[in-house]
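See below for the structure under consideration.
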Amino acid sequence: MTTYVDSSFVVSLYVTDSHSVDSRHRIQTVPTVWWTPLHSAEWAHAIAQQVLRGSLSLPEAQQVSRQLEDDRAAGPWLEVGLPDHAFDLCADLARRYGPKLGVRTLDSLHVACALELKAEQFWTFDDRQAKLAKAEGLRR
């Protein structure tokens, strides 16, 4: 089963929060998970925010980033480029669901990537993004 996760899910894997137990359990149930340049960019920003808020020290942030890099080399991450039509689909999702769900650009861009990559599952801890993914037929 192909699985796409958003950045909130990835952060919960490496930085202990209220979703960490769930994310760590789920990740063990799948052989591979998509990883795009969008994940890399959002990861860097999310970890920087953790440092800014004082949730992580700079050495701790560097340690979790090294752990992620090690895991990316060993699996379960399957590295792919950003799908060619992801931005077009992102805009389409915004037009169709934005007025109802209030999704933001990065929410719909992650869902667009998952759809373009033909993912079957989409894991997130963001309620709006989860509703968008479900509306597009992605399982949780």
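From the list SER12, SER65, SER7, which residue is at pLDDT 95 or above, within 21 Å of LYS131 (Cβ to Cβ) and within 16 Å of the chain's Cα centre (by Cα)? Give the derivation first.
Values: SER65 fails: within 21 Å of LYS131 (Cβ to Cβ); SER7 fails: at pLDDT 95 or above.
Result: SER12 is the single residue among SER12, SER65, SER7 that is at pLDDT 95 or above, within 21 Å of LYS131 (Cβ to Cβ) and within 16 Å of the chain's Cα centre (by Cα).
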Would you tally the residues in the range 117-135 being more than 19 Å from HIS19 (Cβ to Cβ) and either in contact with a Leu (Cβ under 6 Å, 6 or more places away or on another chain) or of a type in the set (A, V, I, L, M) (or both)? 3
So ASP71 fits all but one of (1) surrounded by 14 or more Cβ atoms within 10 Å (Cβ to Cβ); (2) at pLDDT 95 or above; what number is the exception? (2)
With the condition kept exactly as written, say whether any residue in the range 87-108 is at pLDDT below 95, touching a Lys or Arg at 6+ places or on another chain (Cβ under 8 Å), closer than 18 Å to SER7 by Cα and in a helix (DSSP H, G or I). yes
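Could you tell me whether VAL111 is of a type in the set (A, V, I, L, M, F, W, C), within 19 Å of VAL11 (Cβ to Cβ) and at pLDDT 95 or above?
Details: of a type in the set (A, V, I, L, M, F, W, C): yes; within 19 Å of VAL11 (Cβ to Cβ): yes; at pLDDT 95 or above: yes.
For VAL111, the condition - of a type in the set (A, V, I, L, M, F, W, C), within 19 Å of VAL11 (Cβ to Cβ) and at pLDDT 95 or above - is met.
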The one condition PRO31 fails out of (1) at pLDDT below 95; (2) outside any loop (DSSP other than H, G, I, E, B) is (2)
Any chance you could count how many residues in the range 91-116 are in contact (Cβ under 8 Å) with a residue 40 or more places away in the chain and in contact with a Ser or Thr (Cβ under 7 Å, 6 or more places away or on another chain)? 2
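Regarding GLN62, is this residue touching a residue at least 40 places away in the same chain (Cβ under 8 Å), within 19 Å of ALA44 (Cα to Cα) and polar (S, T, N, Q)?
On the way: touching a residue at least 40 places away in the same chain (Cβ under 8 Å): no; within 19 Å of ALA44 (Cα to Cα): yes; polar (S, T, N, Q): yes.
So GLN62 fails the test.
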May I ask you to list the residues in the range 1-28 that are surrounded by 15 or more Cβ atoms within 10 Å (Cβ to Cβ), of a type in the set (A, V, I, L, M) and in a helix (DSSP H, G or I)? VAL10, VAL11, LEU13, ILE27
Given VAL111, VAL80, which one is of a type in the set (Val, Ile, Thr), on the phi < 0 side of the Ramachandran plot, buried (at least 19 other Cβ atoms within 10 Å of the Cβ) and under 15 Å from the mean Cα position of the chain (by Cα)? VAL111
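The values are calculated or read from the model by the stated rules, or taken from the named source; none is laboratory data. Since the model is a prediction, treat every value here as computed from it, not as a measurement. Methodologically, a virtual Cβ is constructed for each residue, glycine included, from the backbone with ideal geometry; neighbour enumeration extends over all protein chains shown.
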